[in-house]
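First the structure, in the form of structure tokens, and then the observations on it.
The values are calculated or read from the model by the stated rules, or taken from the named source; none is laboratory data. Just so you know, these numbers come straight off a predicted model, no measurement behind them. Note: ideal-geometry Cβ built from the backbone for every residue, glycine included; neighbour counts use all protein chains shown. Heavy atoms of the whole protein, side chains included, go into the accessibility calculation; ligands, DNA and RNA do not. Shrake-Rupley method; radii C 1.70, N 1.55, O 1.52, S 1.80 Å.
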Amino acid sequence: MLRRLWTIVQKEIIDNLRDRRSVGNALFAVLINPLLYVVLFGFLNRTFSEQAERPLSLPVLGAANAPNLVQFLDQNNVDITEAPADAEEAVRRGDLAVVLVIPDDFGESFTRGAPAQVRLLVDDSNQSGSFAASRAQSLINQYSNQIGSLRLLARGISPAVSNAVPVEWVSTTAGTADGVDSAVLNLLPVVMMTAVFYGGFYLAVDATAGERERKSLEPLLLNPVPRREFVIGKFLAVFAFTLLATFLATALFLVLLGIPQVQQFTNIQLNVGWGVILAAVGLIIPVAFMAVALEMLVASYARSVKEAQTYTQLIAFAGFLPSLFLSVLPIRPQEWMYLIPTIGQLYFITDMSRGLPLDTMQVAACSLLTAAIGAAALLATMRLYNREQIILGKATA
Amino acid sequence: MIQVTHLTKSFGPVQAVRDVSFDAPDGLITGLLGPNGAGKSTTMRLVAGALEPDSGQTTIDGFETHTHRLEAQSRLGVLTDAHGLYQRLTARENIRYYGRLRGLGGKELEARIDELIALLDMADIANRQTEGFSTGEQGKVAIARALVHQPQNVMLDEPTAGLDVMSTRAMRGVIRKLREDGRCLLFSSHIMQEVAMLCDNIVVIAGGRVVAQGSPDELRARTGQENLEDAFVAIIGTKEGLI
């Protein structure tokens, strides 16, 4: 039986590999995703970080009153410009985002050691202005603290005295990656789910509905072979191809992110080892099993290749949609959500790739449930193959 | 030896086969003759185990097709009306696949394939992918595939349909050779001349029923016609659907 099974698997693989165009299309559809995501995410990230690094343009009224402060700002990536006389009007109109006003008595108060007040003109209703304003404010605060510390030191007092309650900012983002860098890992399940559901979908249709439409199914089933062996053989061939596509997509995505030139472009520093790649593929194997089995079932049930394509496409879409949703809406999972096939794996993969520990029981339960659905679909397909409708296809019987 | 007893099959409201019984003994060519749509193909698909009968039995060398499908099918080689080759496999690979499915392998299988390639005179196409083969070339591959395991019983559904003169003659030669080897041959046709020329035993089917069966001499005697073709027309009552 095993030799015969291998004969069937071998034939399906050779037959399909020779269909270069279809194999090429399937691989292209799966491998374009990681490329696309890396480029898109990279662009987004780059734009954000560039905005933060770009010099802040700050119009100043009365720059001559505080040359030290202006120099400090200039050293801290701020472009000082001369503000127009009607500065307040200009901010209100929205021509300027923020204006710094240094009053004429600034120098006198500063030298006296009294609070030398400056004013930031901001339109609070203007969202885009507030980012620039808070950057300016925090720079001026820095300057103020520096001067304050120096004054205390000059009077023989430790500046630490004035810092009564220091606050430390502790990032809880797990693993080595920091926030932005690991956000790209939210896309990993999307890449993998797409590969799992779309990688073998064409082959599943071709091996079932396609074989019937080309009229080679009837002579095939006249061979003295239990029909379940044909189902298993075809399944194994499609499953193998799906796993290959999934592995390639996962590896491509993570390897791409690790290439120095790519990191330079995307501004994401993330290095994921082969261990993580293999573990991610391992976690998704039950989903691949279920996806291929379901696709084979509906494609065998369908009356024509066209119908089969419609059905399997629906399954594939429904299968990978949750991953897309959860990558943009990071909902924290409830306990029961870990049990749902595809959604469970989605969280397992995201957590694992960030170096978080997994709950072995949860992984086992979800994997088993997923595989059980696949096994049920496979058994149902075998039942279909034992009915004469599988040969007739059309609703003549 | 193929035996069919009280076979009945309906597709929804259409009764395709109604109480058909006949025997196809070893060493003889049995022809199923009937107009298109008479139930020839359905009968053969029931014998081969592709379809389930509503009632009745079909046995191959004593094995009932539906209760002992694998034993029955291992003693049978079938040429279906649609040849159904794998277009991306070569002719040889198509034949080899069926050989392996039937438990053959290694040198024995390759020798058998070479033998069939020689018998059917298809050396020039043996290693080409079958996509784009003419109907005659497809027919050769399909018959080689059906005979690869040297079955005692051979069933051919319209084996000469769509073939040119040379291919038709070659096909008839193969059928005669199988009879010389003592095999049981059952073939269907709507070509009266072909049936008259080849068959030792004729089953005439019309409207899903067997309307007559016997040797050519018996059929001529029964209808009182000199010519076998006239005898067919007399039995079926019309020439429609026959050639």
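Within the set A:Gly393, A:Gly344, A:Gly319, A:Gly374, the sole residue that is open to solvent by less than 60 Å² (accessible area, probe 1.4 Å), touching a Lys or Arg at 6+ places or on another chain (Cβ under 6 Å) and not polar (S, T, N, Q) turns out to be A:Gly393.
Entry remark, the range A:204-228: residues being more than 9 Å from every other protein chain (Cβ to nearest Cβ) and either open to solvent by less than 10 Å² (accessible area, probe 1.4 Å) or on the phi > 0 side of the Ramachandran plot (or both) number 6 in total. Has the range B:109-125 got any residue that is under 29 Å from B:Ile2 (Cβ atoms), open to solvent by 20 Å² or more (accessible area, probe 1.4 Å), at pLDDT below 95 and facing another protein chain (nearest Cβ under 9 Å)? No.
Out of curiosity, is B:Lys239 over 26 Å from B:Val141 (Cβ atoms) and surrounded by fewer than 20 Cβ atoms within 10 Å (Cβ to Cβ)? It is true that B:Lys239 is over 26 Å from B:Val141 (Cβ atoms) and surrounded by fewer than 20 Cβ atoms within 10 Å (Cβ to Cβ). Taken over the range B:60-78, the criterion of being of a type in the set (Ser, Thr, Tyr) and either in a loop (DSSP other than H, G, I, E, B) or more than 11 Å from chain A (Cβ to nearest Cβ) (or both) is satisfied by B:Thr65, B:Thr67.
Residue-level check: of (1) open to solvent by 50 Å² or more (accessible area, probe 1.4 Å); (2) free of Cβ contacts under 8 Å to residues at least 60 places away in the same chain; (3) over 22 Å from A:Lys215 (Cα atoms); (4) not hydroxyl-bearing (Ser, Thr, Tyr), B:Gln129 misses just (3). Restricting the range B:32-59 to residues that are more than 14 Å from every other protein chain (Cβ to nearest Cβ) and hydrophobic (A, V, I, L, M, F, W, C), the residue that is farthest from B:Val154 (Cα to Cα) is B:Ala38.
Kindly indicate whether any position in the range B:184-204 is assigned by TED's automatic domain parsing to the domain that holds B:Thr59, small (Gly, Ala, Ser) and at positive phi. No: the range B:184-204 contains no residue that is assigned by TED's automatic domain parsing to the domain that holds B:Thr59, small (Gly, Ala, Ser) and at positive phi. If you go through the range A:284-296 and keep only what is open to solvent by less than 40 Å² (accessible area, probe 1.4 Å) and not small (Gly, Ala, Ser), you end up with A:Ile284, A:Pro286, A:Val287, A:Met290, A:Val292, A:Glu295, A:Met296. Taking B:Arg100 as the residue in question, decide whether it is open to solvent by 70 Å² or more (accessible area, probe 1.4 Å), within 14 Å of chain A (Cβ to nearest Cβ) and part of a helix (DSSP H, G or I). Yes; evaluated as a whole, the condition is true for this residue.
Considering only the range A:267-282, I want to know if a residue exists there that is crowded, with 20+ Cβ neighbours inside 10 Å, part of a helix (DSSP H, G or I) and at pLDDT 90 or above. Yes, the conditions are met somewhere in the range A:267-282.
Residues that are at the interface with chain A (Cβ under 9 Å from one of its Cβ atoms) and at positive phi occur in the range B:9-31; there is at least one. Candidates are the residues of the range B:165-182 that are in contact (Cβ under 8 Å) with a residue 60 or more places away in the chain and open to solvent by less than 40 Å² (accessible area, probe 1.4 Å); the one that is farthest from B:Pro25 (Cα to Cα) is B:Ile175. Listed by position, the helices (runs of 4 or more DSSP H) inside the range A:323-397 whose residues that are within 13 Å of A:Asn186 (Cα to Cα) number at least 1 are A:343-353.
Restrict the check to the range A:219-228 and report whether at least one residue is of a type in the set (Val, Ile, Thr), assigned by TED's automatic domain parsing to the domain that holds A:Phe43 and touching a residue at least 60 places away in the same chain (Cβ under 8 Å). Yes, the range A:219-228 contains a residue that is of a type in the set (Val, Ile, Thr), assigned by TED's automatic domain parsing to the domain that holds A:Phe43 and touching a residue at least 60 places away in the same chain (Cβ under 8 Å).
Hey, among the residues in the range B:79-88 that are at the interface with another protein chain (Cβ under 7 Å from one of its Cβ atoms) and closer than 24 Å to B:Arg45 by Cβ, which one's surrounded by the most Cβ atoms within 10 Å (Cβ to Cβ)? Step by step, filter the range B:79-88, then rank; the result is B:Leu85.
Residues in the range A:2-20 include none that are more than 14 Å from every other protein chain (Cβ to nearest Cβ) and assigned to a helix (DSSP H, G or I).
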